[in-house]
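Colleague: Got a structure for you, questions after.
The values are calculated or read from the model by the stated rules, or taken from the named source; none is laboratory data. As the structure is a prediction and not an experimental result, all values here were calculated from the model. No Cβ is skipped: glycine too gets one built from the backbone with ideal geometry, and neighbour counts run over all protein chains shown. For accessibility, only protein heavy atoms count, side chains too; no ligands or nucleic acids. Shrake-Rupley method; radii C 1.70, N 1.55, O 1.52, S 1.80 Å.
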Amino acid sequence: QVQLVESGGGLVQPGGSLRLSCAASGSRISIYSMTWYRQAPGKQREYVAWITSGGSTNYANSVKGRFTISRDNAKNTVYLQMNSLKTDDTAAYYCNRADSSIWPWGQGTQVTVSS
């Protein structure tokens, strides 16, 4: 059973930064493209960024230039560096495989951007 554990969220002021982590156990992530998603209250889960097994990246327009996705296959972990945070970035953040064979969702990590 694969388990995904997201961490690193918190309360931050607009313009601040956070670094999220997604640690996987039960499977090696190195061969998979991985994606960060987020879900704000009352809204559907939305795509944020993905990274291929080779390290190529792609971002939603809303975060392009502010967020950076990366991976450390040795640590079986995916990261999301979030800079210049805005109130609209407030959401629970989740990671998972980028293809259709998603793993069970983790608990997510809450990011709240507020002054």
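Colleague: Every residue in segment 42-57 that is closer than 22 Å to SER84 by Cβ and either open to solvent by less than 60 Å² (accessible area, probe 1.4 Å) or over 12 Å from the mean Cα position of the chain (by Cα) (or both), please. Steps first, please.
Modeller: So in segment 42-57, the residues closer than 22 Å to SER84 by Cβ come out as 43, 46-51, 57.
Those that are closer than 22 Å to SER84 by Cβ and either open to solvent by less than 60 Å² (accessible area, probe 1.4 Å) or over 12 Å from the mean Cα position of the chain (by Cα) (or both): LYS43, VAL48, ALA49, ILE51, THR57.
Colleague: When you go through (1) more than 20 Å from VAL5 (Cβ to Cβ); (2) modelled with pLDDT of 95 or more one by one for SER100, which number turns out not to apply?
Modeller: (2)
Colleague: Please enumerate the residues belonging to segment 15-27 that are more than 19 Å from ASN73 (Cα to Cα) and assigned to a strand (DSSP E or B).
Modeller: If the condition is that a residue be more than 19 Å from ASN73 (Cα to Cα) and assigned to a strand (DSSP E or B), then LEU18 is the only one that fits.
Colleague: Go through segment 59-115 and report how many residues are outside any strand (DSSP E or B) and of a type outside the set (A, V, I, L, M, F, W, C). Full working, then the answer.
Modeller: Taking segment 59-115 and keeping what is outside any strand (DSSP E or B), we get 60-66, 73-76, 83-90, 98-108, 114-115.
Adding the requirement that they be of a type outside the set (A, V, I, L, M, F, W, C) leaves 61-62, 64-66, 73, 75-76, 83-84, 86-90, 99-101, 104, 106-108, 114-115.
Of the residues in segment 59-115, 24 are outside any strand (DSSP E or B) and of a type outside the set (A, V, I, L, M, F, W, C).
Colleague: Are there any pairs with C-beta distances below 8 angstrom linking a residue in segment 103-114 that is closer than 22 Å to ILE29 by Cβ to a residue that is part of a loop (DSSP other than H, G, I, E, B) and open to solvent by 50 Å² or more (accessible area, probe 1.4 Å), with the two at least 6 apart or on different chains, and if so which?
Modeller: The qualifying pairs are PRO104/GLN1.
Colleague: Can you find a residue that is touching a residue at least 40 places away in the same chain (Cβ under 8 Å), of a type outside the set (Val, Ile, Thr), assigned to a strand (DSSP E or B) and farther than 24 Å from SER62 by Cα anywhere in segment 4-14?
Modeller: Within segment 4-14, one or more residues are touching a residue at least 40 places away in the same chain (Cβ under 8 Å), of a type outside the set (Val, Ile, Thr), assigned to a strand (DSSP E or B) and farther than 24 Å from SER62 by Cα.
Colleague: Return a yes/no flag: does segment 77-99 have any residue that is free of Cβ contacts under 8 Å to residues at least 60 places away in the same chain, surrounded by fewer than 21 Cβ atoms within 10 Å (Cβ to Cβ) and more than 15 Å from the chain's Cα centre (by Cα).
Modeller: Scanning segment 77-99, I find at least one residue that is free of Cβ contacts under 8 Å to residues at least 60 places away in the same chain, surrounded by fewer than 21 Cβ atoms within 10 Å (Cβ to Cβ) and more than 15 Å from the chain's Cα centre (by Cα), so the answer is yes.
Colleague: Continuing with this model, one more query. Sort out which residues of segment 28-41 are over 20 Å from SER62 (Cα atoms) and either open to solvent by less than 30 Å² (accessible area, probe 1.4 Å) or part of a strand (DSSP E or B) (or both), and write them in order of number.
Modeller: ILE29
Colleague: Further question: Please specify each residue of segment 33-60 satisfying the condition of being in contact with an Asp or Glu (Cβ under 7 Å, 6 or more places away or on another chain), of a type in the set (Ser, Thr, Tyr) and touching a residue at least 60 places away in the same chain (Cβ under 8 Å).
Modeller: Listed by number, the list holds a single entry, SER33.
Colleague: Right, something else. Would you be able to tell me the number of residues in segment 42-55 that are touching a Ser or Thr at 6+ places or on another chain (Cβ under 7 Å) and either of a type outside the set (Val, Ile, Thr) or not in a strand (DSSP E or B) (or both)? Spell out how you get there, then give the answer.
Modeller: We begin by selecting, within segment 42-55, every residue touching a Ser or Thr at 6+ places or on another chain (Cβ under 7 Å); these are 47, 49-53.
Next cut, either of a type outside the set (Val, Ile, Thr) or not in a strand (DSSP E or B) (or both) only: 47, 49-50, 52-53.
Matching residues across segment 42-55 total 5.
Colleague: So ILE69 clears everything in (1) open to solvent by 60 Å² or more (accessible area, probe 1.4 Å); (2) free of Cβ contacts under 8 Å to residues at least 40 places away in the same chain; (3) under 23 Å from GLY16 (Cβ atoms) except one condition, right? Which one?
Modeller: All conditions pass for ILE69, except number (1).
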